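So the structure is just underneath, and the comments pick up after that.
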Amino acid sequence: MAIQQHTQTHPEFTWLFLAIPRGTTGKPVVLRTQATSETKARETFPGWDLTFAAKIRTDSPLSVAWSDPYSSTLWLLTGSNIFESVKAAPVRSPMPGDRYIERASGMLLVIRELTEDRVIFSYEQYPLASHSRPLEGFIRGCELVEVFHA
């Protein structure tokens, strides 16, 4: 038996709706599902009044999400090539709070502090673990995504 391809086993899109239970009033919530069409996605939520919010390609090889606790904002990057999807800021020394994408792994990291010749950072997914790299190697291996604004 042949092995199925990724696109054959997973729905093509993720659908987001603003939703309120039928017959009620109040603030809507966001409902998320995966389906091949909007009609199929809506069938997932019987008993809800749905307003279309977004259609996102599910099989994207890049999907990185992080939250900003200062602004209560959830960031999500999706695309096929991070270095084409994200416009890099001009080259400059990393600063505490800056967010970078590591080229080798595609993981998001946050600069915690700088020493004279090293960068101390943590991966967004593992904020309690600190890592250190030489400044020169860090700049060659990472791409700036977001600059921290104090």
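The values are calculated or read from the model by the stated rules, or taken from the named source; none is laboratory data. Quantities reported herein were computed from a predicted structural model and do not represent experimental measurements. With ideal geometry, Cβ positions are generated from the backbone for all residues, glycine too; neighbour counts draw on all protein chains shown.
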**Item:** Which listed residue is charged (D, E, K, R) and at pLDDT below 70, from ARG92, ARG42
**Value:** ARG92
**Message:** If GLU116 satisfies all but one of (1) in a loop (DSSP other than H, G, I, E, B); (2) under 15 Å from the mean Cα position of the chain (by Cα), what's the number of the condition it fails?
**Reply:** (2)
**Item:** Residues (in a strand (DSSP E or B) and closer than 15 Å to ASP98 by Cα) located in region 119-129
**Value:** VAL119, ILE120, PHE121, SER122, TYR123, PRO127
**Message:** PHE52 - would you say it is modelled with pLDDT under 85, farther than 30 Å from ALA104 by Cβ and not assigned by TED's automatic domain parsing to the domain that holds ALA104?
**Reply:** yes
**Fill in**
Only one of (1) surrounded by 12 or more Cβ atoms within 10 Å (Cβ to Cβ); (2) acidic (Asp, Glu); (3) at pLDDT below 85 does not apply to GLU113, and that is (3)
**Message:** Looking for something at pLDDT 75 or above, within 25 Å of VAL30 (Cβ to Cβ) and not assigned by TED's automatic domain parsing to the domain that holds LEU16 - is there at least one such residue anywhere in region 99-107?
**Reply:** yes
